[in-house]
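Written out below as structure tokens is the structure these notes cover.
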Amino acid sequence: MAEQRDVIAVLTHDHREVEQMFSELESMRGAIGERPKLLAENVVIELVRHSVAEEQYLYPAVREHVPGGDELADYEIAEHAAAERTMQDLEHLEPGDDRFWPELDRLMAEVRHHLREEEDELFPRLREACDQAQLEELGAKVERAKKTAPTRPHPYAPDTPPGNRLLMPGAGLVDRIRDAITGRGRSS
């Protein structure tokens with residue numbers, strides 16, 4: 001059985017994967033065709049799954065354990081909402097569209113800013129406030145949540161418990177069915 005990773009290790013690993021996809025997209029800037037579209041779809045899938053899991057488990061833990069956690073969690077959720085709106089705009093564009101690359105650039109800037117803040121501010125504060133067992137339990141919950149999370153942006157869905165924990169698995173199922181039918185997010 002694999003060693004349990006704590007929530008910070010799980011989320012930081014996700015951040016590196018997203019950054020790798022961003023770098024690949026930047027290397028093909030201006031290209032048209034299937035490859036940039038597929039990679040952009042995969043970025044959105046990973047970002048949505050990641051942010052839903054954070055909203056279900058990370059931010060409630062921040063509210064509970066970190067001094068000033070309510071304000072910090074509210075700020076992070078607001079950043080997620082902005083990125084979700086950008087992802088929704090990007091979802092309807094093709095690499096040959098005039099707005100595709102500018103929207104993708106905007107998404108990358110929003111997400112990179114968010115990741116830096118989490119890694120530089122939120123994660124150290126959470127590590128200080130929680131013991132290792134709590135962080136590992138959160139890591140397991142986040143990994144489970146990502147498996148059932150939506151794969152498409154839902155900017156108007158609830159982003160705090162209990163609403164998000166109740167509705168997001170159903171939205172995730174619908175998204176995965178849609179993805180299977182349309183071929184969205186297939187392996188690159």
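Looking across the stretch 53-68 at every residue that is of a type in the set (Gly, Ala, Ser) and assigned to a helix (DSSP H, G or I), the one that is surrounded by the most Cβ atoms within 10 Å (Cβ to Cβ) is identified as ALA53.
Pairing each residue of the stretch 13-29 that is under 16 Å from SER51 (Cα atoms) with any residue that is outside any helix (DSSP H, G or I), provided the two are 6+ apart or on different chains, yields C-beta distances under 9 Å for HIS13/ARG5. Looking at this structure, is ARG35 in contact (Cβ under 8 Å) with a residue 12 or more places away in the chain and open to solvent by 30 Å² or more (accessible area, probe 1.4 Å)? For ARG35, the condition - in contact (Cβ under 8 Å) with a residue 12 or more places away in the chain and open to solvent by 30 Å² or more (accessible area, probe 1.4 Å) - is met. In the stretch 165-184, the qualifying residues are those that are of a type in the set (A, V, I, L, M) and more than 19 Å from the chain's Cα centre (by Cα), and the one that is most open to solvent (accessible area, probe 1.4 Å) is ILE181. Considering the conditions (1) assigned to a helix (DSSP H, G or I); (2) in contact (Cβ under 8 Å) with a residue 60 or more places away in the chain, GLN4 is excluded by exactly one of them, (1). For ALA145, the requirement of being touching a residue at least 24 places away in the same chain (Cβ under 8 Å), aliphatic (A, V, I, L, M) and closer than 25 Å to TYR75 by Cβ is met.
Kindly indicate whether GLN20 is in a helix (DSSP H, G or I) and buried (at least 17 other Cβ atoms within 10 Å of the Cβ). Considered against the rule, which asks whether it is in a helix (DSSP H, G or I) and buried (at least 17 other Cβ atoms within 10 Å of the Cβ), GLN20 comes out as no.
Just checking, does the stretch 163-184 include any residue being within 16 Å of ASN42 (Cα to Cα) and in a loop (DSSP other than H, G, I, E, B)? The answer is yes, given that some residue of the stretch 163-184 is within 16 Å of ASN42 (Cα to Cα) and in a loop (DSSP other than H, G, I, E, B). In the condition set (1) at pLDDT 95 or above; (2) under 20 Å from ASP70 (Cα atoms); (3) out of contact with any helix residue (DSSP H, G or I) (no Cβ under 7 Å at 6 or more places or on another chain), GLY163 is compliant with all but (1). Applying the criterion of at least 1 residues that are out of contact with any Pro (no Cβ under 9 Å at 6 or more places or on another chain), among the small types (Gly, Ala, Ser) and open to solvent by 10 Å² or more (accessible area, probe 1.4 Å) to the helices (runs of 4 or more DSSP H) found wholly in the stretch 69-157 leaves 69-91, 100-117, 132-148.
Taking the stated definitions as given, is VAL111 among the β-branched types (Val, Ile, Thr), modelled with pLDDT of 95 or more and within 19 Å of LEU138 (Cβ to Cβ)?
Numbers: among the β-branched types (Val, Ile, Thr): yes; modelled with pLDDT of 95 or more: yes; within 19 Å of LEU138 (Cβ to Cβ): no.
So VAL111 fails the test.
The values are calculated or read from the model by the stated rules, or taken from the named source; none is laboratory data. Not measured: the values here are computed from a predicted model. In this analysis, Cβ positions are derived from the backbone assuming ideal geometry, glycine residues included, and neighbour counts consider all displayed protein chains. What goes into the accessible areas is simple: the full protein's heavy atoms, side chains included, and nothing from ligands, DNA or RNA. Shrake-Rupley method; radii C 1.70, N 1.55, O 1.52, S 1.80 Å.
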